[in-house]
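*Asks:* Take this structure, written in structure tokens, and hold onto it; I'll ask about it next.
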Amino acid sequence: MSDKKNALLRRDNMWFVLLFKRQLLRPFLWVIALFMALSVMAVHFVTAPSANNKRVLLYSENSGESAYSYGSKLIDSLITASDKEDTIFEFELADTYEELIEAVTSGSAECGFVLTDDFDEKIALCDTDELIEYVASNYTTKGEVAKETVFSEFFEIYGRILIDSKRAEIYGSDDEELRDFLLAEYDRLLLGDEVFNADYQTVEGVRATSDEKKMQPVRGLVMILITMALLLNGSEKFYGTASTVSRALSFKERTRFEILLYIAGVIVPAAVGFVLVRILDPSIGFFADIFLFVIFSFIAVMWTYLFGKLVNNGISYMAWISTLLIAQLVICPVWQDVSDYVPSLKIVSYLFPAGAYLRIIELLF
């Protein structure tokens, strides 16, 4: 009996070696690996801002301005509003212009505002032309709202300047008492509800979540692409030499052969994916990371094998691949967790290897 098991083991080893060598000689395998590397790096370096991202950067080109300058007042006013939670945005001061651009490009900041080096000179002359540069990516979802917030703070300051410098032209008098009266009225209107009569009401039944979820676009995309590589590799059971061999085997032998076919096809994509994950998102310890990656790569192998058994037709199988790609990108929490809006989809995401992988990471780390 042991001799028979040893013979089966030797045959399985021979199948695996031959299948793996065959995979290494296929240009398609290396095309998939290259596509995985390029697409994951593109996602990492050009990332859309998170749906929960409220970070807005500020920078003044006039680094030598005093604390009493108009530019400093505007920046301090916005940062103070953030500290007091008078605005939904988290305004921060960037050290350099390049830091602001990089943060907006990478998606770590929703947008940014740059005060020109002649900001104070222009505003003192009531010249509002090209005072503030607005920096945002094409993916911003709250940039226009942040712009309104910045401009409202700006016009509060600008309104006082107009009262101080233009009252003689407007009212025909340069009296200090008139100035004090106008400024007091200006502050009263800004702080009160006389102009904008706000009626605040509490709406029941709307659940707001305060916890900020950290999305895993690199890890999610890597696992999705590994699954897609397995699905494409699994098409060999319908076409080519592997299908001829598979049909000539008994059920048990065919099962082992097809699983070995998937394992041989996942090694290179999984190796490339793990290297990408460790370089671009080393947020998990190395040994825990490699353990989870190996486990879920094997789960992806078995998932693909079972899916191939459900769809036992080559044409239908190939048609399903694009559908599964779109489904995983939407349902799995890669860029955004749709289960926040449709809770039932959280359970559905566990049905995909990438979804289960990301959910487990979310729970453990």
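*Asks:* Got at least one residue in region 104-115 being farther than 18 Å from A42 by Cα and over 24 Å from the mean Cα position of the chain (by Cα)?
*Replies:* yes
*Asks:* List the residue pairs whose Cβ atoms are under 7 Å apart, where the first residue sits in region 247-263 and is part of a helix (DSSP H, G or I), the second is surrounded by fewer than 10 Cβ atoms within 10 Å (Cβ to Cβ), and the two are 6 or more positions apart or on different chains.
*Replies:* The qualifying pairs do not exist here.
*Asks:* While we're looking at this one, here's another question. Can you confirm whether F28 is in a helix (DSSP H, G or I) and at pLDDT below 90?
*Replies:* In short, yes.
*Asks:* For region 72-103, which residues satisfy the criterion of being under 28 Å from the mean Cα position of the chain (by Cα) and among the basic types (K, R)?
*Replies:* Listed by number, the list holds a single entry, K84.
Here is a yes/no grid of residues against (1) surrounded by 13 or more Cβ atoms within 10 Å (Cβ to Cβ); (2) among the charged types (D, E, K, R):
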{"residue": "R278", "(1), (2)": "yes, yes"}
{"residue": "F296", "(1), (2)": "yes, no"}
{"residue": "G308", "(1), (2)": "yes, no"}
{"residue": "M318", "(1), (2)": "yes, no"}
{"residue": "S322", "(1), (2)": "no, no"}
{"residue": "V334", "(1), (2)": "yes, no"}
{"residue": "L358", "(1), (2)": "yes, no"}
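*Asks:* Scan region 83-134 for residues that are within 20 Å of F155 (Cβ to Cβ) and not small (G, A, S) and report the count.
*Replies:* Looking only at that region, the number is 27.
*Asks:* Right, here's the next one. Name the residue, out of L8, L25, L19, that is closer than 16 Å to L232 by Cβ and either more than 33 Å from the chain's Cα centre (by Cα) or surrounded by 10 or more Cβ atoms within 10 Å (Cβ to Cβ) (or both).
*Replies:* One residue alone meets the criteria, L19.
*Asks:* What about Y239, is it surrounded by 21 or more Cβ atoms within 10 Å (Cβ to Cβ), in the same structural domain as V334 (by TED's automatic domain parsing) and of a type in the set (F, W, Y)?
*Replies:* No.
*Asks:* Which residue is farthest from S39 (Cα to Cα), if the candidates are limited to region 240-287 and must be at pLDDT 85 or above and among the basic types (K, R)?
*Replies:* Looking at residues that are at pLDDT 85 or above and among the basic types (K, R), I get K252.
*Asks:* Follow-up question, since we're still on this one. Pairs needed: first member in region 295-307, over 19 Å from A271 (Cβ atoms); second member anywhere, among the β-branched types (V, I, T); C-beta distance under 6 Å; at least 6 residues apart or different chains.
*Replies:* Taking only residues 6 or more apart or on different chains, the pairs are Y305/I259.
*Asks:* Residues that are under 23 Å from L38 (Cβ atoms), at pLDDT 90 or above, of a type outside the set (A, V, I, L, M, F, W, C) and in a helix (DSSP H, G or I): does region 290-299 have at least one?
*Replies:* So far as region 290-299 goes, yes, one or more of its residues are under 23 Å from L38 (Cβ atoms), at pLDDT 90 or above, of a type outside the set (A, V, I, L, M, F, W, C) and in a helix (DSSP H, G or I).
*Asks:* Also, quick follow-up: Answer yes or no: is there a residue in region 318-328 that is more than 18 Å from T227 (Cβ to Cβ) and hydroxyl-bearing (S, T, Y).
*Replies:* No - not one qualifying residue is present in region 318-328.
*Asks:* Here is a further query. Considering A248, A264, A300, A288, which residue is among the small types (G, A, S), touching a Leu at 6+ places or on another chain (Cβ under 7 Å) and farther than 21 Å from A319 by Cα?
*Replies:* Only one candidate passes the filter, namely A264.
*Asks:* Let me ask you something else. Restricted to region 336-356, and to residues that are of a type in the set (A, V, I, L, M) and surrounded by 15 or more Cβ atoms within 10 Å (Cβ to Cβ), which residue is nearest to P282 (Cα to Cα)?
*Replies:* The residue in question is A354.
The values are calculated or read from the model by the stated rules, or taken from the named source; none is laboratory data. Fair warning: this is a prediction, and the values are worked out from it, not measured in the lab. Counting neighbours? That spans all protein chains shown, and the Cβs are built from the backbone with ideal geometry, glycine included.
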